[in-house]
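J.: Quick one: the structure is below, questions incoming.
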Amino acid sequence: MIYFLIFLSGAAGLVYEMAWIRQASFVFGSSALALSTVLAVFFLGLSIGSWAFGRLGVAIRRPLLVCAGLEFLLALNALSSPALFAWADAVYGELYQRQLSPMVLLLLRGGLVSLLLLPPTVLMGGTLPLFCRQLIQETRLISVKLSVLYGTNTLGAACGCAVTGFVLLPMLGLRRTLYVLAAMNVLAGVGFCWAAYSKPCWLSSSAPSKTEPDVATDYKRFLYVGVLFFMIGAAALAYELVWARFLTLFIRHSVYTYALTLSVVLVGMAVGSFGLGLGFTRLAEQRANPRGLLMWFFSLQVLSGVVLVGLTHLPAGFWQHLQQSGVWHIVLLMMPSAIISGACFPLLNQLASNDAALAAKHVGFMGGINIVGCVLGSLLTGFYLLPQWGLDASIYALTAWTLAAALLALWVMPTTYSQPKPWLAWSGLGMAGAVLGYLWVFAPVRIPQDYMRPTETVLDFAEGYNSNLAVVQRNDEKVLLIDRLWQGVASRNYQVMVAHIPMLHFPEAQSVLVVGLGAGNTASRFLDYPISQLDIVDIEPRLFAFTKKHFPSAWMADKRVTFMAEDGRNYVRHTASQYDFISVEIGQLDRPGVGVFYTEQFYQEAKAKLSAEGMVCQFVPLSFLRPEEFASILSTFLAVFPKAQLWYNTNELLLMGFKQDIKPLSPERFAQVTTTAPINSDFELYYWGGFRYKLNQLSNFMGNFLASGDELRALAASAAATVYSDDKLQLAYSASVYKRGDKRASMIVPLLQQHLTPIAAALTDGAADANTLDNAAAVRDLNVADIAAEDSLWVEQPDQETTQERYQRAQAALRHNPKNSEALGLLMRARYEMSLPM
């Protein structure tokens, strides 16, 4: 019964962590700095609680009764959490609008997070020492008992993490998850109350056999073990950050990735802890002469270092192949080191404590030191090692740190316990030699170059604070990649129309906000118009200099431009600025943190930051959407912006919302813009049909207009739709299963074809003749059909297809759009290779 309650308590702790991360992201943003602040305070609270309740636990007669009280207090916190975060949001928003310096804002954010999270995390941190006070009865079995106790609690944490990430948050949403959490705390509290009276603590009526045995007689040993605890704690979270960054080299992160990876790590730690207790029972009998324990620790740390550098330097093809077989790539990468970490915690606690009566105090103290190491290790790795040294160097640095912990254990052994024996030195040298040999064997693997496509040449690479940045050469094009995902190119492409289409509707706009820089193709085009202010927000601080270095960047020196390294959602939520136009340049919907830009709450926040006549524009990337998700995006947008238009811009449609009435497009304005340098050169662009379909002709340009008014509302009702909310983030979960081979965009084409608005509705009254309107309608039909044609043309590895397959692919595309120039070229090539008449 007690171990079930310990399991339940661990599960509740991880539900808290994941719920708090979600809540805090809406208040403080989801940047690495904001997330690190939340996690640092979370672990700091656990550390304080572990230390405080460890000291108090020695004198507590009914520790399980105290645990019950902690659980009841945590239940109250879960129920009050929405109100507390709402208060913090109001305070933070007020402070944010005062335009304080980044350092002051960081300190204020840390203070608010501390007010929110320190009280409950201190309570959570107190449970493990209290469990030890109740259950550890024999000094020689401290590590065995603690391994089972710690393993049970950690296994509960793993289950809580998995259930929260894969079930509770996606299905119930944040608010109902908090209700479930409160119920878990109450259930655990009631159980602890029952257990407190049915199973009294074995030391309830006796005092510890020694008052201060460790400090008075074994201070040096206690200090050394504390340093080892700190080192393995620092390594544990640093490993997680390195693993997460390494995974971006060959997998696409999604909203599920954090829950999946953390669950694997926690399961590994639980396995390691159980393994020590069940497989190494004989170690407890060697407590009087602990050199054997230190040798186990030494061996485990050396193995951990070898595993880290060895696994991350396996051939890139191995990982790229393994990631196709479910989650085994994550298990293989993370599980070994996690098992070692889980085994070391009870192992070192056996060394630290020589009196079962003081086990709670010692476990609490050492647990606190371990958690402080976790905090500092994560901050140092996330904000210094990875951004400044890069992933590969960070891997070697962490390996060196782990080996240093192993060597420290060797050094502690003779100075603290007994004289060294020759085999210890030789074993250390042998292990070190094995590590050096391992590094030499796997050194030829280049990170990240070997993880890029064979057809790509890496021109530059940078480790950002939130993501990996790369510039590669694909054929004749220079391409920007963020976490291996396409973000833009150096040449002019369809992205320029994301600026031109709305600016043609709102030529009077003076202030523009762009969320997401990319390669700058869109943002730079706003400066071609007589605006007075262009603010650009991007979550990755290093992207600005990286883009300036590799892509056309003269525009970045314009005095009208301001760059801000900030979470876009957080900025829109809290800024005091008002804008005539807000452009949300965020595409891949399966990426973590993107779904928050498609909720009703975000649209309400954006609308509040628009001027009286303001507009907002957003991507609708069809490749990621099924009909239900497409309809849901439209329904959510229309709930806030009932005056809206949908425009074609390849399969990344543009959804434009107007705060007041829709602004019709003037042909005179179009003619003026398309004949004025430098804008006119952008309108030489065409999508799929060659020079005859250049956008500098009004009929070709108006062929991009798809729907508004009743037709757009009917389109939103064409499939089962849900209004997306911050509480559930439905799109983030449904888009996470995206695969390009699904060719989802083709499923939406029939819906578009059935709900097209007459072209004249987008123009000023009587502004275009019938011939222009007819031509525009014909172009629009081809535009919509080309969405399906592009799906037919897509193939993952075109260099490996046969001529017959190429021929069939071209024919399939041409059945949708007979004018598609790429398909026509592909067909001609295939016919030539097949010796067919041209």
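Taken together, the values in this text are just the output of simple stated rules run on the coordinates, not laboratory data. Computed from a predicted structure; not experimentally measured. Virtual Cβ from ideal backbone geometry, glycine too; neighbours counted across all protein chains shown.
J.: Rounded to the nearest 0.05, what FRET efficiency do GLU477 and TRP328 give with R0 = 41 Å and r taken as the Cβ-Cβ distance? Could you check?
T.: According to the calculation, E is roughly 0.75.
J.: Another question about this same structure. Along each of the three principal axes of the Cα atoms of the stretch 456-585, give the extent in whole Å, ordering the values from largest to smallest.
T.: Here the Cα extents, ordered largest to smallest, are 43, 30, 23 Å.
J.: Moving to a separate point now. Along the positive direction of the dipole of the chain (beta-carbon charges: Lys, Arg +1; Asp, Glu -1; about the Cα centre), which of ILE501, GLY54, ALA745 reaches farthest?
T.: Sorting the options by dipole projection puts first GLY54.
J.: Would you kindly state how much longer the chain becomes between LEU314 and SER114 on full extension, computed as 0.36 nm times their sequence separation minus their alpha carbon distance, in nm to one decimal?
T.: Between LEU314 and SER114, full extension yields 67.9 nm more.
J.: Now a separate question. In debye to the nearest 20, how big a dipole does the stretch 742-807 give about its Cα centre with +1 on each Lys and Arg Cβ and -1 on each Asp and Glu Cβ?
T.: 180
J.: Report the relative contact order of the stretch 456-585, percent, no decimals, based on alpha-carbon pairs under 8 angstrom and at least 6 residues apart.
T.: Contact order relative to length: 23 percent.
J.: Another one. What ranking do 575-586, 168-179 get when scored by the average of other Cβ atoms within 10 Å per residue, highest first?
T.: Order by mean packing, descending: 575-586, 168-179.
J.: Same structure again: Return the lysines within reach of LYS548: Cα separation strictly under 17 angstrom, same-chain partners fewer than 8 residues apart disregarded; answer none if there are no such residues.
T.: Counting by Cα, and skipping residues close in sequence, LYS548 has these lysines nearby: LYS478, LYS559.
J.: As an exercise, use a Förster radius of 41 Å and the Cβ-Cβ distance of SER821 and TYR396 to find the FRET efficiency, rounded to the nearest 0.05.
T.: 0.25
J.: Separate question: Given the -39500 (n - 2.57) contribution per DSSP H run of 4+ residues, what per-residue ellipticity at 222 nm results for the chain, rounded to the nearest 500 deg cm²/dmol?
T.: -19500 deg cm²/dmol
J.: Sort 384-392, 148-156, 543-551, 620-628 for me by packing, meaning the mean count of neighbouring Cβ atoms within 10 Å per residue, highest on top.
T.: In descending order of packing, they fall as 148-156, 620-628, 543-551, 384-392.
J.: To check you understand DSSP bridge types, tell me what percent of the beta bridges within the stretch 543-670 (both residues inside) are antiparallel, rounded to 5.
T.: Counting only bridges with both partners in the stretch 543-670, antiparallel ones make up about 65 percent.
J.: OK, next. What number comes out for the charge environment of VAL795, summing +1 per Lys or Arg and -1 per Asp or Glu over other residues with Cβ under 13 Å away?
T.: Cβ neighbours under 13 Å give a net charge of -3.
J.: Would you work out which of ILE369, ALA762, ALA470 lies farthest towards the positive end of the dipole of the chain? Charges go on Cβ: Lys and Arg +1, Asp and Glu -1.
T.: Positive-end residue among those listed: ILE369.
J.: Could you tell me what percent of the DSSP beta bridges with both partners in the chain are antiparallel, to the nearest 5?
T.: Once the DSSP bridges in the chain are tallied, antiparallel ones form about 60 percent.
J.: Pulled fully out, how much extra length does the chain show between ALA490 and PHE4, if you take 0.36 nm times their separation in residues and subtract their Cα-Cα distance?
T.: 169.1 nm
J.: If you don't mind, another one. State to the nearest 20 debye the size of the charge dipole of the stretch 1-154 about its Cα centre, where the only charges are +1 on K and R beta carbons and -1 on D and E beta carbons.
T.: The calculated dipole for the stretch 1-154 is roughly 420 debye.
J.: Next question. Indicate, rounded to the nearest 5 percent, the antiparallel portion of the DSSP beta bridges found entirely in the stretch 456-585.
T.: 55
J.: Using a cut-off of 12 Å between beta-carbons, work out the net charge of the residues near GLN449 (Lys and Arg +1, Asp and Glu -1, GLN449 not included).
T.: For residues surrounding GLN449, the net value is -2.
J.: I'd like the Karplus ³J(HN,Hα) series for the stretch 720-726: coefficients 6.51, -1.76, 1.60, θ = phi - 60°, whole numbers in Hz, and an x wherever there's a Gly or Pro.
T.: Once θ is set to phi - 60°, the couplings for the stretch 720-726 become 4, 10, 10, 7, 6, 9, 5 Hz.
J.: At GLU508 and GLN804, where each label point lies 7 Å from the Cα along Cα→Cβ, what is the point-to-point distance in nanometres?
T.: Between GLU508 and GLN804, the simple spin-label model gives 6.4 nm.
J.: Still on this structure, I have one more. Do you know the relative contact order of the chain, to the nearest whole percent, from alpha carbon pairs under 8 angstrom that are 6+ apart?
T.: About 12 percent, as a whole number.
J.: May I pose another question? Amide H to amide H under 5 Å from TYR579: which residues, 5+ apart in sequence or cross-chain, H placed 1.01 Å off N in plane?
T.: Under 5 Å from the amide H of TYR579 lie the amide H atoms of LEU610, SER611, each far enough along the sequence or on another chain.
J.: So, with +1 on the Cβ of K and R and -1 on the Cβ of D and E, and no other charges, what is the size of the charge dipole of the chain about its Cα centre, to the nearest 20 debye?
T.: The dipole magnitude comes to about 2400 debye.
J.: Mind listing the phi-derived Karplus ³J(HN,Hα) values for the stretch 187-197, rounded to whole Hz, using 6.51, -1.76 and 1.60 with θ = phi - 60°, and x for any glycine or proline?
T.: Per residue, the Karplus-derived 3J(HN,Hα) values read 4, 5, x, 4, x, 5, 4, 5, 5, 4, 8 Hz.
J.: Placing +1 on the Cβ of each Lys and Arg and -1 on the Cβ of each Asp and Glu in the stretch 672-747, which of LEU715, TYR687, LEU698 has its Cα farthest towards the positive end of the resulting dipole?
T.: Looking along the dipole axis, the top candidate is TYR687.
J.: Another one. Amide H neighbours of ILE539 under 5 Å, counting only residues 5+ apart in sequence or on other chains, H built in-plane at 1.01 Å?
T.: Under 5 Å from the amide H of ILE539: GLU566, GLY568.
J.: Now, a different point. What does the charge count around MET556 come to, taking other residues whose C-beta lies under 15 Å from its C-beta (Lys +1, Arg +1, Asp -1, Glu -1)?
T.: That works out to +2.
J.: Still on this structure, please answer the following. Would you grab the residues whose amide H sits under 5 Å from the one on ASN649? Only those 5+ places off in sequence or on another chain, please, with H modelled 1.01 Å from N.
T.: LEU654
J.: Checking the a/c ratio against 1.5 first, then a/b against b/c, what shape does the Cα gyration tensor give for the stretch 795-838?
T.: Oblate.
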